[in-house]
Amino acid sequence: MIAILSIDFDYFIAANAQERDEYFLRGGESIPREELPALWAERYAGYPQISAVDVIPEFSAFRAFLRSLNLDAAKVFLSETHRSIKQVIDRLPRGEPLRIVNVDFHHDYYHYYTGEDYCNCGNWLRRVVEERPATSVKWIRREDSQLATLEGDFPFEHTTDLFSVCRERFSCVFMCRSPEWSPPHLSSRYQELIRALLPDEPALVLSGSA
């Protein structure tokens with residue numbers, strides 16, 4: 001079995017769903033990247049409490065867990081957007097069983113897309129399961145993460161136990177920053193996770209296209 005640990009940094013932000021809806025950007029991945037700095041500056045000005053937001057207490061222990069994986073750089077993939085994980089998955093043999101453990105504030109099993117945007121940061125998991133129905137999925141979520149999908153609640157295994165990852169073995173790790181969901185002042189925290197995974201070598205940084 002090929003097991004992928006998928007990590008979206010937005011999981012670690014110490015803000016609940018209501019605070020994210022009120023203070024953070026709206027529009028998600030549709031926001032042009034070049035507009036993000038100005039838009040975030042407006043949000044900081046309007047909601048100065050954003051500057052006090054840090055990461056959740058479990059962050060340090062999870063960083064240590066990533067360090068313990070001792071993965072080769074060739075098995076670590078980084079991107080700004082979660083949609084890029086499909087680039088990794090599409091390269092895997094179709095005949096091999098696939099398991100995805102997704103550490104994420106959002107379940108990414110949404111159904112929306114516009115125009116030719118077949119795969120995006122919010123529906124990549126749905127696309128993978130459509131194409132590989134035998135995929136085993138586990139979502140590690142926050143207590144107030146949204147469970148709803150068009151068909152009802154998220155239909156796969158899910159838990160708020162972050163450290164259930166310690167009971168799994170992974171073939172590779174994908175991690176993204178999701179700058180539209182993550183306040184810029186926390187970028188250094190994201191870099192800490194990168195250094196934990198790769199203290200000496202660069203990872204493969206994927207583009208935003210799926």
Qualifying residue in the stretch 20-33 (condition: of a type in the set (Val, Ile, Thr), assigned to a helix (DSSP H, G or I) and farther than 30 Å from SER136 by Cα): no
Flag for ALA148 being more than 15 Å from the chain's Cα centre (by Cα) and either farther than 27 Å from ALA17 by Cβ or without any contact (Cβ under 8 Å) to a residue 12 or more places away in the chain (or both): yes
Hey, SER136 in contact with a Leu (Cβ under 8 Å, 6 or more places away or on another chain), surrounded by 20 or more Cβ atoms within 10 Å (Cβ to Cβ) and in contact (Cβ under 8 Å) with a residue 24 or more places away in the chain or not: no
Residues that are among the acidic types (Asp, Glu), farther than 20 Å from LEU198 by Cβ and over 18 Å from the mean Cα position of the chain (by Cα), drawn from the stretch 69-118: GLU96, GLU116, ASP117
Failed item in (1) more than 26 Å from ARG142 (Cα to Cα); (2) part of a helix (DSSP H, G or I), with ARG43 passing the rest: (1)
Hey, LEU71 touching a Leu at 6+ places or on another chain (Cβ under 8 Å), assigned to a loop (DSSP other than H, G, I, E, B) and in contact (Cβ under 8 Å) with a residue 60 or more places away in the chain or not: yes
Strands (runs of 3 or more DSSP E) within the stretch 129-199 that include 2 or more residues of a type in the set (Gly, Ala, Ser) and at pLDDT 95 or above: none
Criterion violated by LEU66 - all others in (1) over 16 Å from the mean Cα position of the chain (by Cα); (2) at pLDDT 95 or above; (3) surrounded by 16 or more Cβ atoms within 10 Å (Cβ to Cβ); (4) of a type in the set (A, V, I, L, M) satisfied: (1)
Pair list, Cβ under 7 Å, 6 or more apart: the stretch 151-170 residue under 16 Å from GLY122 (Cα atoms), other residue surrounded by fewer than 12 Cβ atoms within 10 Å (Cβ to Cβ): none
Number of the exception - ARG126 against (1) under 25 Å from ALA64 (Cβ atoms); (2) not in a loop (DSSP other than H, G, I, E, B): (1)
Boolean, CYS176 is of a type outside the set (A, V, I, L, M) and in contact with a strand residue (DSSP E or B) (Cβ under 8 Å, 6 or more places away or on another chain): yes
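The values are calculated or read from the model by the stated rules, or taken from the named source; none is laboratory data. Model, not experiment: these values are computed from the prediction. FYI the Cβ positions are ideal-geometry reconstructions off the backbone, even for glycines, and counts take in every protein chain you see.
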